[in-house]
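Here the structure comes first, spelled out in structure tokens, and everything after it is commentary.
The values are calculated or read from the model by the stated rules, or taken from the named source; none is laboratory data. Please read all numbers here as calculations on a predicted model, not as lab measurements. Virtual Cβ from ideal backbone geometry, glycine too; neighbours counted across all protein chains shown.
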């Protein structure tokens, strides 16, 4: 890294997620610079070269890893590529932020974590919703004791998506799982962050949509992953949790953001985070119905972030803070939050859901060594 210059970042995976989350985050942060882009699609790369104003583009991710002019990479590629790309980047000394799920199973993710840890590079899992203002404030209230003893965690994530092909996302060998790995894994992560490790669980998945045609009507191989997932869990601290997610909840479009509700019932108070109102929290206690309260300004963005919380769509702009945290961890020589270890803990739980469903039993979750 340049002694005086910004953190030089390469994007690997130039699709919608990078364009929507990561590029705006890099542009906002004066400590960061986009220096390269990589994607398997040369036509998309040519488009991004102009849109992102980046000169160095390549279809070869190893070229990115070998480039001494690159300090860090952001991986936003299909799930099955995360494992080899992360290993290559970490072994080349690049700091890595990777989209979730980190791998196709906990075995892959464990190797990714150990490799990045041992290479002493910053590693970060892109668990976006930890950065939502209402989630940050809910965590503060919980840790400060305002909610009392946490008893119940409850998560709903309902989307109304078309029943056409998800491309690579609908095949186990490339995605690992469907809604469970794509959506529910986020909620598993922030539940663990709020309430601590999960001790045991039972879970289920289901598939209702064949997705055997593309959006333009062409036939394709049908999906073999879930479009509905759920679990019940017991935390080591004594609390319990319930999660449900689906991509087939008709009428839950909400401008493309869908419905998200994450709730903690404590011995003194209940608190609710909602994605479509991320700058507002619901609070209530006995004799006082749940009611909205504005998230205090101090929780609308991380301290020092250049993002203006008053600008842009609230359910979108908090996502830019992922890059802020990643760059901050690099410059401060500390672990990023959430790290690959957090991604591993969530992956172990998601794998447990699949095992529980296939075996028809509760699954005990062992401690995951650091």
- Message: For the stretch 276-289, give me each residue that is touching a strand residue (DSSP E or B) at 6+ places or on another chain (Cβ under 8 Å) and in a strand (DSSP E or B).
- Response: 280, 281, 282, 283, 284, 285
- Message: Scan the stretch 322-336 and tell me whether some residue there is within 23 Å of the chain's Cα centre (by Cα), surrounded by 21 or more Cβ atoms within 10 Å (Cβ to Cβ), in contact (Cβ under 8 Å) with a residue 12 or more places away in the chain and part of a loop (DSSP other than H, G, I, E, B).
- Response: yes
- Task: Report, ordered by the first and then the second residue, all pairs with beta carbons closer than 6 Å, sequence separation of six or more or different chains, a first member in the stretch 208-223 that is closer than 10 Å to residue 163 by Cβ and assigned by TED's automatic domain parsing to the domain that holds residue 171, and a second member that is modelled with pLDDT of 95 or more and surrounded by fewer than 14 Cβ atoms within 10 Å (Cβ to Cβ).
- Result: 213/219
- Item | Some residue of the stretch 181-195 being touching a residue at least 24 places away in the same chain (Cβ under 8 Å), farther than 24 Å from residue 137 by Cα, assigned by TED's automatic domain parsing to the domain that holds residue 151 and in a strand (DSSP E or B) | no
- Looking only at the stretch 156-168, and only at residues there that are surrounded by fewer than 24 Cβ atoms within 10 Å (Cβ to Cβ) and in contact (Cβ under 8 Å) with a residue 60 or more places away in the chain, the one that is nearest to residue 237 (Cα to Cα): 156
- Checked the stretch 221-234 for anything under 19 Å from residue 156 (Cα atoms) and surrounded by fewer than 20 Cβ atoms within 10 Å (Cβ to Cβ); matches are 232, 234
- Query: Can you tell me which residues in the stretch 238-275 are modelled with pLDDT of 95 or more, within 26 Å of residue 142 (Cβ to Cβ) and part of a loop (DSSP other than H, G, I, E, B)?
  - Reply: 238, 239, 258, 267, 268, 269, 275
- Does at least one position in the stretch 110-118 carry a residue that is closer than 22 Å to residue 359 by Cβ and either in contact with a helix residue (DSSP H, G or I) (Cβ under 9 Å, 6 or more places away or on another chain) or buried (at least 21 other Cβ atoms within 10 Å of the Cβ) (or both)? yes
- Please go through the stretch 214-236 and pick out each residue that is under 23 Å from residue 355 (Cα atoms) and outside any strand (DSSP E or B). 222, 223, 224, 225, 226, 227, 236
- Task: Identify the single condition in (1) surrounded by fewer than 24 Cβ atoms within 10 Å (Cβ to Cβ); (2) over 17 Å from the mean Cα position of the chain (by Cα); (3) not assigned by TED's automatic domain parsing to the domain that holds residue 356 that residue 106 does not satisfy, given that it satisfies every other one.
- Result: (2)
- Task: Could you list, in sequence order, all residues of the stretch 290-321 that are assigned to a loop (DSSP other than H, G, I, E, B) and out of contact with any helix residue (DSSP H, G or I) (no Cβ under 8 Å at 6 or more places or on another chain)?
- Result: 303, 308, 310, 312, 313
- Being surrounded by 13 or more Cβ atoms within 10 Å (Cβ to Cβ) and more than 24 Å from the chain's Cα centre (by Cα) is the filter here, so list the residues in the stretch 269-291 that pass it. 269, 270, 283, 284, 285, 290
- Odd one out for residue 264 among (1) over 30 Å from residue 364 (Cβ atoms); (2) crowded, with 18+ Cβ neighbours inside 10 Å; (3) under 23 Å from the mean Cα position of the chain (by Cα): (1)
- Any idea which residue in the stretch 38-80 is farthest from residue 127 (Cα to Cα), counting only those that are under 22 Å from the mean Cα position of the chain (by Cα) and surrounded by fewer than 19 Cβ atoms within 10 Å (Cβ to Cβ)? 80
